[in-house]
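Below is one structure, written out as structure tokens; comments come after it.
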Amino acid sequence: MANIQDIKQALKTYYGYDSFRPFQEEIIMHTIGGGDSLVLMPTGGGKSLCFQMSALLMDGMAVIVSPLISLMKDQVEGLRMNGIAAEALNSSNDEGYNRDIINRCVEGKVKMLYISPERLIGGVLAILQTAHVSMFAIDEAHCISGWGHDFRPEYTQLGQLKQLFPHVPIMALTATADKITKEDILVQLNIQDAKTYISSFDRPNLSLDVKRGYSARDKLRSIEELIRRHPQESGIIYCLARKTTETLAAKLKQDGFSVGVYHAGLLNSERSQVQDDFQNDRVLIICATIAFGMGIDKSNVRFVVHYNLPKSIESFYQEIGRGGRDGLPCETVLFYNLQDIMTLRKFADESGQQEINLDKLQRMQEYAEAQVCRRRILLNYFGEISEKSCGNCDVCHTPPQMFDGTTIVQKALSAIVRTKESIGFTLMVDILRGTLSPDVVGNKYNQIKTFGVGRDISARDWHDYLLQMLQMGFFEIAYNEDRHLHITPLGKEVLYGKRNVQLAVINREDFTVRSRRKKLREEREKEWATIGQGQSNDLYSRLREVRRQVATEIGKPAFIVMSDKSLQDLVLKRPTTLEAMADVYGFGEYKAKAYGKPFIEAISQYEGDSADLPFPDAVPSLTPSESSSYMEKQKQLHANAYARWDDEEDKELKGYYRQGLSISEIASLMNRNIGGIKSRMKKLGLMDDSDSTSVVFSSTAKKERANEYRQELEKLVEMKAEMDKKIEELRKKMEEDEGLM
């Protein structure tokens, strides 16, 4: 077994380095001693050196399992440049050459063999049992886990390596694995006793910036400004779609920049040429999909741009990690809008791992919208608790308004502890808000001391504060335990009063959104003043006719069925369920059940005809007569109103929907009527016909009902306490009387 001097000599001889990075030497010593290991190091942190040096110091041949040909190509060429006998067995080789490689492996003439998991399991593994294998290195090991961000089924078959080669050490390596993924890697590879090495994921030389809601034109302008800040320097621009890479590259070339394109739709030879040009600075900037970059060793990338939101924090961190590998400053910029979320959600739904991928996308979206130091979020995500802000991200450069949120955090953490870490986000909010939901009552959480301590904070605000707490590392999500929340050591310090916490003041609307909404509202008010307020006459007339028909059928006057005031309120609220009908003025639950159905059908039919019309703040006095000129104005208003549902407003609607706002809240924010919002949501695929039967209550109604429930519960609790007291008194009297007998 090699000693320390041999290792350092080999490091200098083959790589020209005088010293190791943290953990590298320890990992190498453990491996050449026969031990299994799991190595977590950030991209550019020196993972490859760990297994390459181990292989050089051991007798026999190391087998390196790698998912991409481009990764194999780069590393094999680098090893050969250092005089090391390395080969890559893959489909880009001539099959005759591949057979020659296998023969030389059996003869002991290859020191390191790079191979894909498919080819290894597909037949080569049996041949390797006749060779002298010194170790297995499983690169990108997160691919073996169903919890990982890039799960590949073929990786799962690598669990048989330990069975076939029980005495050969296995080194699993990854730059992107959260806590549950790390545990799963060990289980899947049958190396539960492996030693885990986790290097710091902090890359302080990478600046972190998020730009939200930029148009394509604004993105281009911002990217060009970034490139000009780095003249004659290399950069990578990641895009979600192949077409985007080509379009963006064409525009940048037109403006005089050195740009190449890389995506999976190109021929292998084209991709290899682009990568080679980039490695050798013949092309400075690459517009690429995520297929580009795995395994590249280019150290002088000075900026990394994400034109679209990545699918997960793991992907994002891996991709920005390709910048600044030399330790010098590198700018990273992430552009983000709601359309990215729509696209990525579709991908997640079709991925075969819908639940996991949607969770990871949610965490990525939370990162993009965070008001907490972004580096702190990244480090906490990978289990490296950071207690302070980095000073090198956009949030740190322009911090939000803060306040002392220690008490709020302590209330939340207390709920986690008192429920024995067995609750998720929704249940925690119910407990803090004092909501008697079935889960709260069923688990007797309404009896814990923390129940209701956060009634003064809305549920929506609690979700925002909890997200900040998660991002600051006070608790973590155990995805393998039904997303239960577990308090961290840092969280315990806050809970027990050893540390204070600053939370960001919640500010949901940026200036651009407020300005656009104000402008849209002014335009509508102006149009109403010009055309007139008769837009709802048509619906009013329809509902009045329904009222007449119902009255005729039951032999009652029309005003008995529904007063004019109730009819106007019905036009204003436009309910589409019997339950919602009960919220109409003068129309109680019984009347809604008895006579509500034809009104609902009329409203639903009307919404299908004119769903996108705006609605005035007040319903005007109406008359049955409608002139032909008025009808023409109605048609014009309908056409104009329909056209105003532009892409930006659709994105806004989708954004509110994803935030979990009620339909009435969305209608209020967008200055639209409830029926119009519902219909538009159906057209956008956010609601199907079955959803239209769901109860839609106003916030005021919900609060009133909640107060009624709470008051009733308090009365029952008081009655129960009084009864228990009387029962105890009677029991004592009975015992006394029995004692006298």
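The values are calculated or read from the model by the stated rules, or taken from the named source; none is laboratory data. What you see is a predicted model, and the numbers here were worked out from it, not measured in a lab. Counting neighbours? That spans all protein chains shown, and the Cβs are built from the backbone with ideal geometry, glycine included. Note: accessible area is taken over every heavy atom of the protein model, side chains too, but ligands, DNA and RNA are not part of it. Shrake-Rupley method; radii C 1.70, N 1.55, O 1.52, S 1.80 Å.
Karplus couplings for region 176-189 from phi (6.51 cos²θ - 1.76 cosθ + 1.60, θ = phi - 60°), rounded to Hz, Gly and Pro as x?
My calculation for region 176-189 gives 9, 8, 7, 4, 5, 5, 4, 5, 5, 4, 4, 5, 5, 8 Hz in order.
Send over a whole-number figure in Å² for the accessible area per residue of region 179-295, probe 1.4 Å.
About 48 Å² of surface per residue is accessible.
What is the sum of charges around TYR97, taking Lys and Arg as +1, Asp and Glu as -1, for the other residues whose C-beta is under 12 Å from the C-beta of TYR97?
-2
Of the peptides 392-402, 108-118, how do they stack up when ordered by the mean number of other Cβ atoms within 10 Å, highest first?
Taking the mean over residues of other Cβ atoms within 10 Å, the ranking is 108-118, 392-402.
Can you give the Rg and Dmax of region 392-472 based on its C-alpha atoms, in angstrom?
14.0, 47
Amide H neighbours of TYR114 under 5 Å, at least 5 residues apart or on other chains, H built in the peptide plane: list them.
Answer set, sorted by chain and number: ILE64, GLU87, ALA88, LEU89.
Along each of its three principal axes, how wide is the spread of alpha-carbon positions in region 1-66, in whole angstrom units, largest first?
Ordered largest first, region 1-66 gives principal extents of 26, 24, 18 Å.
Can you put ILE416, ILE356 in order of accessible area, largest first, using a 1.4 Å probe?
The ranking, largest first, comes out as ILE356, ILE416.
Given an 8 Å cut-off on Cα distances and at least 6 residues of separation, report the relative contact order of region 1-148 as a percent.
Rounded, it is 27 percent for region 1-148.
Take peptides 258-265, 239-246 and line them up by average Cβ neighbours within 10 Å, highest first, as a rough protection proxy.
258-265, 239-246
Among the listed pairs LYS346/LYS654; LYS444/LYS732; LYS654/LYS683; LYS411/LYS492, give every one whose C-alpha distance is greater than 18 Å.
Violating the 18 Å limit, Cα to Cα: LYS444/LYS732.
Cross-link candidates for LYS733: which lysines have Cα within less than 29 Å, leaving aside residues fewer than 8 places away along the same chain?
Those lysines meeting the cut-off are LYS715, LYS720, LYS725.
Can you check how the C-alpha radius of gyration of region 188-286 compares to 2.2 N^0.38 Å, as a plain ratio?
1.42
Sequence-distant or interchain residues sharing an amide H contact under 5 Å with HIS484, placed H: which?
ALA478
What do you get for Rg/Rh over region 125-220 if you use C-alpha atoms and the Kirkwood form of Rh?
With Rg and the Kirkwood Rh in hand, the quotient comes to 1.16.
What accessible area per residue, rounded to a whole number of Å², is obtained for region 98-143 using a probe radius of 1.4 Å?
37
Could you rank the peptides 228-234, 384-390 by their average count of other C-beta atoms within 10 Å per residue, with the highest value first?
384-390, 228-234
Pop out the ³J(HN,Hα) list for region 564-578 in order, Karplus 6.51 cos²θ - 1.76 cosθ + 1.60 with θ = phi - 60°, rounded to Hz; leave Gly and Pro as x.
For region 564-578, the Karplus curve yields 4, 5, 5, 5, 5, 5, 5, 5, 5, 8, 6, x, 10, 9, 4 Hz.
If you look at just the Cα atoms of region 1-160, how large are its Rg and its Dmax in Å?
Values for region 1-160 (Cα only, Rg and Dmax): 15.4, 42 Å.
Can you pull the accessible area of MET364 for me, 1.4 Å probe, Å² to the nearest 10?
0
Using a simple charge model, +1 on the beta-carbon of Lys and Arg, -1 on the beta-carbon of Asp and Glu, nothing else, what dipole does region 309-444 show about its Cα centre, in debye to the nearest 20?
With only Lys, Arg, Asp and Glu charged at Cβ, the dipole is about 320 debye.
Taking the alpha-carbon distance from LYS111 and a cut-off under 16 Å, which lysines remain once sequence neighbours fewer than 8 residues away in the same chain are dropped?
Of all the lysines, those that pass the test against LYS111 - Cα under 16 Å, at least 8 places apart if same chain - are LYS73.
Starting from the eigenvalues of the Cα gyration tensor, five times each then square-rooted, give me the equivalent ellipsoid semi-axes of region 385-426, largest first, whole Å.
28, 13, 10
Pull up the cross-link candidates among the lysines for LYS253, meaning alpha carbon to alpha carbon under 24 Å and not fewer than 8 places away within one chain.
Within the straight-line limit of under 24 Å, LYS253 reaches these lysines: LYS211, LYS219, LYS243, LYS298.
For region 66-134, what is Rg from Cα atoms divided by 2.2 N^0.38 Å, rounded to two decimals?
Against the compact-globule rule of thumb, the ratio is 1.03.
In terms of modelled amide H atoms, which long-range or inter-chain residues lie less than 5 Å from the amide H of THR196?
LEU38
Whole-Hz ³J(HN,Hα) for each residue in region 298-305, computed from phi via Karplus 6.51 cos²θ - 1.76 cosθ + 1.60 with θ = phi - 60°, x for glycine and proline: what do you get?
5, 8, 9, 7, 9, 7, 10, 10
Between region 92-125 and region 152-226, what is the C-alpha centre distance in whole Å?
Cα centres, region 92-125 to region 152-226: 26 Å.
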